[in-house]
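S.K.: A single structure is presented below for examination.
Nothing in this text is a laboratory measurement; each read-out follows from the coordinates by a stated rule. Here the structure is a predicted model, which means the values were calculated and not measured. Neighbour counts are summed over all protein chains in view; Cβ atoms, including those assigned to glycine, are modelled from backbone coordinates with ideal geometry.
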Amino acid sequence: MTGCSNPINCDSAELQSESFVPETMINLEVWVPLGYNMEQWSDTGNLEECGLLGPGGRFGWFMPEWTSHRIPIADHWRSLQDPEIASHFDVDIQEMSQLAEFTKDPSTGRYYCDANYCDNGVFYPDYCRPDIYGNIPPCAVLLAEYPDYMGFLIKQIPSLKLLVKVVWLGPNADRVVRDFVSDVKRRKSGRSILFFAWRPSTITESDDFLSLSFPQCETLSTPDSDMKCAYEFQRFEKVAWSYLKKGAKLVFEVRNRNFVSNFYVP
């Protein structure tokens, strides 16, 4: 929206000229960590803060609440370093085949994750791949939407040595999660399901779910700083491109009204 990735680089003549038009002019829900200072961005003159939206939320890994009664310490991240516990969140060949049907965008034929770190829409850390004899190690399956804004998982999983592979389902994620949660046969066999989402959301509020406990961001050792506080509480900011205030005043005023917050549904 500002045209730069760092506030100290936002003072170029090109970005300050009236001919500059950002790809995004309004964002109704920017996730901002508590304590993060947005003034450094508004001081560039390119970004206008328009207030808060809703109560805030957090990202998380979720599982059905009953899982903690069947699988010891399943709701702690270190449990996913144990092959036996990780196997309770794995899928069999038939289930993986069913999941594969939801990993592509039918309108384009492309996988929701078509990056080079994904195979057929699935991210496998090296230690979750079949060995030279074709043996498949036990690794939990994490269901997720898009790698665009959940991409830190690709670095976090191997960094914490979690026995987890990620199946990217795009807009099908909620539907697939509900199908797995309601699978009575799977539950009776003692197998659960993991999914990545944010709370509050339609899926996390639809049933009783536990979130996986991760280290506090102050102690979480990860390669990239943008991953460190991924699971801490975030506030939702409404922001707009500053030029709208004078170039499209009516749009800016409508955007700045409080009615949006009143219609926010957790």
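S.K.: For a protection proxy built on the mean count of beta-carbon atoms within 10 angstrom, sort 72-82, 100-110 highest first, please.
M.R.: In decreasing order of mean packing, 72-82, 100-110 become 72-82, 100-110.
S.K.: Any number yet on Rg/Rh for region 135-189, C-alpha, Kirkwood?
M.R.: 1.03
S.K.: For region 58-227, what does the alpha-carbon gyration tensor say about shape, rounded, prolate or oblate, given a ≥ b ≥ c as the root eigenvalues, a/c under 1.5 as rounded, and a/b over b/c as prolate?
M.R.: It comes out rounded by the Cα gyration axes.
S.K.: Give a residue-ordered list of calculated ³J(HN,Hα) values for region 191-196 (Karplus: 6.51 cos²θ - 1.76 cosθ + 1.60, θ = phi - 60°; whole Hz; x for Gly, Pro).
M.R.: Karplus-based 3J(HN,Hα) across region 191-196 equals 9, 10, 9, 10, 9, 9 Hz.
S.K.: Can I ask one more? Ranked highest first by the average count of other Cβ atoms within 10 Å around their residues, in what order do 132-138, 145-151 fall?
M.R.: Ranking the peptides 132-138, 145-151 by packing returns 145-151, 132-138.
S.K.: Please find the FRET efficiency linking LYS185 to TYR149, where r is the Cβ-Cβ separation and R0 is fixed at 51 Å, and quote it to the nearest 0.05.
M.R.: Calculated value: 0.95.
S.K.: Further, regarding this structure: Could you list which residues have their amide H under 5 Å from that of LEU210, counting only those 5 or more apart in sequence or on another chain, with H placed in the peptide plane?
M.R.: Close amide H contacts, sequence-distant or interchain: MET63, GLU65.
S.K.: If we sort 174-185, 190-201 on the protection proxy, mean other Cβ atoms within 10 Å, highest first, what's the order?
M.R.: Result, highest mean first: 190-201, 174-185.
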